[in-house]
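The values are calculated or read from the model by the stated rules, or taken from the named source; none is laboratory data. Computed from a predicted model, the values in this text were never measured in an experiment. Backbone-built Cβ (ideal geometry, glycine too); neighbour counts: all protein chains shown. Note: areas computed on protein heavy atoms with side chains; ligands, DNA, RNA excluded. Shrake-Rupley method; radii C 1.70, N 1.55, O 1.52, S 1.80 Å.
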Amino acid sequence: MMRYKSILMKRMLNLFVWLFQGCSLANKMKWSYLIILCLMLVSCQNTETIRRKAIRYKAHSELNNIIEYYSMCYYKLPKSVDDIVGFLNKWKAQSPNTYTYSISGRDIMDELFSNDLQMATYDDSLFIFNKHRQIGCVVYGHPLYWFAHKDEYPLID
């Protein structure tokens with residue numbers, strides 16, 4: 001897999017060199033804008049694809065519980081897998097007796113470090129899709145967001 005990525009990177013680099021050889025500065029700028037635009041479109045489409053897959057394969061898993069507990073502790077949703085890993089490391093260190101998260105006998109940390117997870121974050125929601133297990137994790141809102149948007153979340157009498 002790593003060899004494939006390096007070959008692909010070499011070909012992309014060769015393509016950029018070929019495009020920029022003999023170009024005027026104006027043409028180089030046009031190509032640069034086009035490349036940036038394409039990367040932005042691919043990036044935006046990727047988060048939307050992750051969101052759709054997470055919703056389609058939504059299942060309440062251990063990861064949902066961890067994300068919800070994270071949001072109760074920090075009043076926000078994690079922005080990356082590193083945020084979740086840091087939270088779990090602190091949890092293990094401070095209260096090892098209450099940390100019990102494992103998936104099929106594997107520590108959830110192993111699952112988070114695998115390349116199978118895709119994550120899309122927004123201000124008020126989080127979507128995680130596990131490609132290998134075909135499971136989605138969907139979490140909407142967190143306490144600070146609910147407090148800031150009281151009109152959208154009325155109290156039930």
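Does A54 count as small (G, A, S) and either open to solvent by 50 Å² or more (accessible area, probe 1.4 Å) or more than 16 Å from the chain's Cα centre (by Cα) (or both)?
Here the answer is no, as A54 does not meet what is asked.
Residues in the range 105-116: is at least one closer than 21 Å to M72 by Cα and part of a loop (DSSP other than H, G, I, E, B)?
Scanning the range 105-116 turns up no residue that is closer than 21 Å to M72 by Cα and part of a loop (DSSP other than H, G, I, E, B).
Would you check which residues across the range 136-149 are part of a strand (DSSP E or B) and either in contact (Cβ under 8 Å) with a residue 60 or more places away in the chain or farther than 18 Å from S71 by Cβ (or both) and list them?
G136, C137, V138, V139
Looking only at residues that are of a type in the set (K, R) and not in a helix (DSSP H, G or I) in the range 62-101, which one is modelled with the lowest pLDDT?
K76
When residues of the range 124-135 are filtered for being in contact with a Phe, Trp or Tyr (Cβ under 7 Å, 6 or more places away or on another chain) and not in a strand (DSSP E or B), how many remain?
2
Considering only residues that are of a type in the set (F, W, Y) and over 15 Å from I66 (Cα atoms), look in the range 112-128 and name the one that is least open to solvent (accessible area, probe 1.4 Å).
Looking at the filtered set, the residue picked out is Y122.
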